[in-house]
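What follows is a short report on a single structure.
The values are calculated or read from the model by the stated rules, or taken from the named source; none is laboratory data. Computed from a predicted model, the values in this text were never measured in an experiment. With ideal geometry, Cβ positions are generated from the backbone for all residues, glycine too; neighbour counts draw on all protein chains shown. Just the protein is used for accessible areas: all its heavy atoms, side chains included, with ligands, DNA and RNA removed. Shrake-Rupley method; radii C 1.70, N 1.55, O 1.52, S 1.80 Å.
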Amino acid sequence: MLAKVLSSSVLGIDAYVVEVEVDITMGLPAFATVGLPDGAVRESKDRVKSAIKNSGYRFPPHRITVNLAPADRKKEGAGFDLPMAVGILSATGLVNRDKLEQYLIIGELSLDGKVKKTKGALPMALAARNNGFAGIIVPKGNSRESAVVQGVNVFAASHLYQVVEFLNGVEELPPTTVDVQELFSKDALYDVDFNEVKGQEHVKRALEIAAAGGHNVLMVGPPGSGKTMLAQRLATILPDLTFEEALETTKVYSIMGLMGERAVISTRPFRSPHHTISDAGLIGGGQIPKPGEVSLAHNGVLFLDEMPEFRKNVLEVLRQPMEDGNVTIARAATSITYPASFMAVAAMNPCPCGFYGDYKRQCQCTHLQIQRYRTKISGPLLDRLDIHVEVPAVQYQDLAQESSGESSQTIRQRINAARMVQQERFTHHKIYCNAQMPPRLLKRFCKLDEDSHGLLETAIDRLGLSARAHNRILKIARTIADIERLEQVSSAHIAEAIQYRSLDRSLA
């Protein structure tokens, strides 16, 4: 007695079809699972046996062999419980086989037969659509998330017997539908707003430029000056999330089981890992590779508070994803690439005590201590942080003012307009913002007049800037011009861009 049920598993952020083959033969009762199953899959036999019995069906007292094909790929998670149970019932003649090839089936089973939520439902629904299946049967908790995918029917089940009766044509499971546009308009709201920040107008200006051009930012200031508050609000002024971006971001959160009650991620992610995080936790990894914080921040903001407190090896692994927009994790068996296109925002104190340059409190650090503190961030990593902005302590007059500044929505409108200019400029170059501009396009889109050339040459000579810092200044100046709707980059734009490289200057 042989039966085949189609299920799915995730590799990277994409899913592929898995054939769950069940063979029942005469012999001593046994349950073997082959096809590179992990611990959770091997333990499925106990959950499946109890779920079948407690759902009112007879569990066959024979030798059962379950093969998960392709057999050369590691299978993980409890999502194979439901297809295994359906396969066993089909092999014993309790489930009609006519519909088994039309649907992908995923779901974890509890001991009483209830179908529990599983990870990776969204990419699996995409796999069902791309492979031409009539539909996908998912746990009820994954139904809204899966229904975001258009072009495939999503059937939600809460119990094993519902799936059996649906496949036998006894009971109908209505397809789950969601209004994607309504979800976007309903959930695309942030809990914070830029008008809550008092003072720090020049920092707000720097963050607006960063958001408009996709530039990475480093904020330097004493404790309590508002660095974290500003960083938390940066995501609220980034351009509106497109459906394609939302779908890719949601796939990462889906395979990590972080969706909660949401059907789709409709706001820009904001991730703030603790400085004790490991390099694998930051960029991803593990024996079975998983996405890290850089991938969870995809299309959003990755905030590194107290940046010098992070371990040096952890900071250095950021260099490649910051440059490439993705991260590749290589293992002996496979190599997986995760998306990691994020805005890096870092914050640090100007010195170990935190009060170097503060007009209120005197710094207790020596020149050597300050140098050692700042050199915890390597030169190559510092070059990749386009904008360095000083965040001074907020004065009482700013805190006491009743009038609020511009709202995030108002600032976002200007940024959307600047991004539209950049999208038109880079239509044929497969990039979408100035920060991604390769060196070969700098001369074409950042043409300078004689005054600008002279100003930039003086700054390069006096500050000893690297070639990468030189390119960063040009990109920032291009973004400033885009915000002002100007085609030509002027010396004023270059001068402002140079001011955003404060850590390239030597200590006084």
Does the stretch 1-119 come out rounded, prolate or oblate, given a ≥ b ≥ c as the square roots of the eigenvalues of its C-alpha gyration tensor, rounded meaning a/c under 1.5 and, failing that, prolate meaning a/b above b/c? rounded
So which lysines can Lys204 reach, going by Cα to Cα under 21 Å and dropping same-chain residues fewer than 8 places off? Lys227, Lys475
Selected from Gly12, Ile387, Leu167, residue furthest toward positive end of dipole (the chain; charges at beta carbon): Gly12
Hey, what's the chain come to in accessible area per residue, 1.4 Å probe, Å²? 44
With Cβ to Cβ distances under 11 Å as the rule, what net charge do the other residues near Val115 carry (K, R +1; D, E -1)? +1
May I ask which residue of Val22, Ile480, Ala235 lies farthest towards the positive end of the charge dipole of the chain, with charges of +1 (Lys, Arg) and -1 (Asp, Glu) on Cβ and the Cα centre as origin? Val22
Calculate the dipole size of the stretch 274-408 relative to its Cα centre from +1 charges on Lys and Arg beta carbons and -1 charges on Asp and Glu beta carbons; express the result in debye to the nearest 20. 600
What would the Debye equation give as log₁₀ I(q)/I(0) for the stretch 279-405 at q = 0.13 Å⁻¹, counting only Cα atoms as equal point scatterers? -0.67
With θ set to phi - 60° and the Karplus curve 6.51 cos²θ - 1.76 cosθ + 1.60, what are the ³J(HN,Hα) couplings of the stretch 301-318 in order, to the nearest whole Hz, using x for Gly and Pro? 10, 10, 9, 10, 7, 6, 3, x, 7, 5, 5, 4, 5, 5, 5, 5, 6, 6
Return the long-range amide H neighbours of Tyr356 (sequence gap of 5 or more, or a different chain), with a cut-off of under 5 Å between placed amide H atoms. Cys351
Suppose every K and R has +1 on its Cβ and every D and E has -1 on its Cβ; what is the size of the dipole of the chain about the Cα centre, in Debye to the nearest 20? 1040
Compute the relative contact order of the chain as a whole-number percentage, counting only Cα pairs closer than 8 Å that sit 6 or more residues apart in sequence. 13
What is the sum of charges around Arg384, taking Lys and Arg as +1, Asp and Glu as -1, for the other residues whose C-beta is under 10 Å from the C-beta of Arg384? 0
Shape call for the stretch 233-348 from the C-alpha gyration tensor, a ≥ b ≥ c root eigenvalues: rounded (a/c under 1.5), prolate (a/b greater than b/c) or oblate? oblate
Sorted by accessible area with a 1.4 angstrom probe, largest first, how do Lys116, Lys251 fall? Lys116, Lys251
Taking amide H positions as placed 1.01 Å from N in the peptide plane, with prolines and chain starts having none, which residues 5 or more places from Asn326, or on another chain, fall under 5 Å of its amide H? Ala340
Quick one: if the Förster radius is 45 Å, what FRET efficiency do Glu484 and His275 give, using the C-beta to C-beta distance and rounding to 0.05? 0.75
Around Leu282 (Cβ within 11 Å, Cβ-to-Cβ, excluding Leu282; K/R +1, D/E -1) the net charge comes to -1
Toward the positive end of the charge dipole of the chain, about the Cα centre and with charges on Cβ (Lys, Arg +1; Asp, Glu -1), which of Ala340, His367, Gln401 goes farthest? His367
Counting only residues 5 or more places away or on other chains, whose amide H sits under 5 Å from the amide H of Leu109 once H atoms are built in the peptide plane? Asp81, Leu82, Lys116
Helical mean residue ellipticity (222 nm; -39500 (n - 2.57) per DSSP H run of 4+; nearest 500) of the chain: -11000 deg cm²/dmol
Treating only the Cβ atoms of Lys and Arg (+1) and Asp and Glu (-1) as charged, compute the dipole magnitude of the stretch 13-85 about its Cα centre; round to the nearest 20 debye. 360
Can you tell me how the stretch 327-471 classifies by the Cα gyration tensor, rounded, prolate or oblate, using a/c under 1.5 as the rounded cut? rounded
Counting only protein heavy atoms with a 1.4 Å probe and every protein chain in place, the carbon and sulfur fraction of the accessible surface of the chain in whole percent equals 49
For Lys290, go through the lysines and keep the ones whose alpha-carbon is under 18 Å away, minus same-chain ones fewer than eight residues off. Lys74, Lys75, Lys119, Lys251
